[in-house]
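Every number here is computed from the coordinates shown, using simple stated rules; none is lab data. Everything numeric here is computed off the predicted structure, so don't read it as measured data.
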């Protein structure tokens, strides 16, 4: 396999990439608790769902990241897509749709979306600095990472490797 990781200059199999998962889980749980304990009349607790989503796509927030991604990755692969909402349809929207379809074709995987701007704590803890970014989780840990728009061939390669 032509390493998707090398393209980004990172080797996610290297120990320095992996954050201490206990620290990550605790930070996300603390952030989730802080969000549920505070409310603002200007910021709704949950925004409207993206209507362009396909069925079985999980919209992940800081509050449910540990349960819906890390915990679930012990039973099946979870592909997490970090995204932002643009005014126009862009290449990342097409990439997201293609990736969603590949994941949904696999019965042993889940597709999850994290809106980058709405959940900066999750992005920070996973060192996501640009969008689109895809992080694949298995056994409670990130095992693959890709930043930037992926071609159909790269999406197929990712799917064949991990799904």
* Asked: Which shape class applies to segment 58-123: rounded if a/c is under 1.5, otherwise prolate when a/b exceeds b/c and oblate if not, where a ≥ b ≥ c are the square roots of the Cα gyration tensor eigenvalues?
  -> oblate
* **Theoretical gain in end-to-end length, residue 149 to residue 129 [0.36 nm per residue, Cα-Cα removed]** => 5.8 nm
* Structure fact -> Here the percent of antiparallel bridges among DSSP beta bridges lying wholly in segment 53-163, to the nearest 5, is 50 percent
